[in-house]
Amino acid sequence: MELSAVDLSPVPDDGTATDAYENTVELARQAERLGYTRFWVAEHHGMADTLAGTTPEVLLGHLAAETDSIRIGSGAVLLNHYSPFKVAEAFGAPD
């Protein structure tokens, strides 16, 4: 069975967005160690005090550099706010 994980990069109590991203990287590494197939992040706006995941395309690049084999992706992009071409370019990467 293939398993996936999703993370919203929650900001810890008394923590920062940097702490949230570090926690997301560690969660992705843990999911990879446990044999998960995919790790997803999602785009959220207007909740910066509780969620740090506002730019999945940036976070995914960092996750790709910090993991070896797990597939990564964005579980949500607000397509009605972006050009489809911009989204395709931001997320497009060769295998």
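The values are calculated or read from the model by the stated rules, or taken from the named source; none is laboratory data. Please read all numbers here as calculations on a predicted model, not as lab measurements. All Cβ positions, even for glycine, are placed from backbone atoms using ideal geometry, and neighbour counts span all protein chains on display. The protein model used for the area step is the full one, side chains on, heavy atoms only, and it has no ligands, DNA or RNA in it. Shrake-Rupley method; radii C 1.70, N 1.55, O 1.52, S 1.80 Å.
Numbers at a glance
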quantity: Those residues of region 63-87 which are of a type in the set (S, T, N, Q), surrounded by 15 or more Cβ atoms within 10 Å (Cβ to Cβ) and not in a loop (DSSP other than H, G, I, E, B), in sequence order; calculated: 74
quantity: Qualifying positions in region 11-20 - in contact with a Pro (Cβ under 9 Å, 6 or more places away or on another chain) and either within 19 Å of residue 76 (Cα to Cα) or open to solvent by 70 Å² or more (accessible area, probe 1.4 Å) (or both); calculated: 20
quantity: Residue that is least open to solvent (accessible area, probe 1.4 Å) [pool: residues in region 1-10 that are within 26 Å of residue 87 (Cα to Cα) and not β-branched (Val, Ile, Thr)]; calculated: 9
quantity: Test result for residue 19, free of Cβ contacts under 8 Å to residues at least 60 places away in the same chain, in a loop (DSSP other than H, G, I, E, B) and among the acidic types (Asp, Glu); calculated: no
quantity: Count - residues of region 43-53 that are out of contact with any helix residue (DSSP H, G or I) (no Cβ under 8 Å at 6 or more places or on another chain) and within 18 Å of residue 5 (Cα to Cα); calculated: 1
quantity: Which numbered condition residue 90 fails, given (1) open to solvent by 40 Å² or more (accessible area, probe 1.4 Å); (2) outside any helix (DSSP H, G or I); (3) aliphatic (A, V, I, L, M); (4) in contact (Cβ under 8 Å) with a residue 12 or more places away in the chain; calculated: (2)
quantity: Top-ranked residue in region 21-62 [being modelled with pLDDT of 95 or more and open to solvent by less than 60 Å² (accessible area, probe 1.4 Å); ranked as nearest to residue 76 (Cα to Cα)]; calculated: 39
